[in-house]
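Every number here is computed from the coordinates shown, using simple stated rules; none is lab data. Predicted model only: the values in this text are computed from it and were never measured. Reconstructed Cβ throughout: ideal geometry from the backbone, glycine too, with neighbour counts over all protein chains shown.
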Amino acid sequence: MNRFFKNFITFSLFLSFIGLFLVFSLFWYFSSNLPDFKFLKTYVPPVSTKVYDIEGLGVADFSKEKRSFIKYDQIPKKVIYAFLSAEDKNFFQHPGIDAVGNNKSCYKKYPKCYYWTKIRRGINNNTTGC
């Protein structure tokens, strides 16, 4: 029995090592081609040139992208909650990554369990900050 226990522990450690190696290899493979995120510190979005008439009404807008910058306080609460209800209902309760929701999503997408339920979950891709 003692020999069986030693072999079991050795085999378990070996499988754990192989699993960790595969996880880190996949992480390295998929993250090696990602763009550098440091440019976000100095990112300046393109602005538009707007032409107004003498009464202050807009006449023309010269830009590639139609952007209007507003403050967070100017967004109606209904719009915020409508967006969050579709994306992440626990957005204000977690620090940025909903670990419980992501684990539930992975569990629900597990092939054996996927057919047991009609609830289909997805990992949150909400990238807006608090």
Note, ³J(HN,Hα) from phi for segment 40-54, Karplus 6.51, -1.76, 1.60, rounded to Hz, x at Gly and Pro
5, 5, 10, 5, 10, x, x, 10, 9, 9, 10, 10, 10, 7, 5
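Once you have the Cα-Cα distance between N7 and T49, take 0.36 nm times their residue separation minus that, and quote the gain in nm to one decimal.
Residue separation times 0.36 nm, minus the Cα-Cα distance, leaves 7.9 nm.
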Approximate shape of segment 1-91 as ellipsoid semi-axes (Cα gyration tensor, √5λ), whole Å, largest first:
57, 21, 9
Qualifying GluC sites (Glu not before Pro) in segment 1-105, DSSP loop, other Cβ atoms within 10 Å at most 10
E55, E65
Sparse-neighbourhood loop sites, trypsin sites (Lys or Arg not before Pro) in segment 6-83 - DSSP loop, at most 12 other Cβ within 10 angstrom:
K64, K66, R67, K71
State, to one decimal in nm, how far the label point of F30 lies from the label point of A60, with both points 7 Å from Cα in the Cβ direction.
4.8 nm
Sum up the lysine pairs in segment 3-103 that clear both bars: alpha-carbon distance under 27 Å and a spacing of 8 or more or different chains.
15
For S16 and N90, what is the calculated FRET efficiency with R₀ set at 41 Å and r taken between the beta-carbons, to the nearest 0.05?
0.85
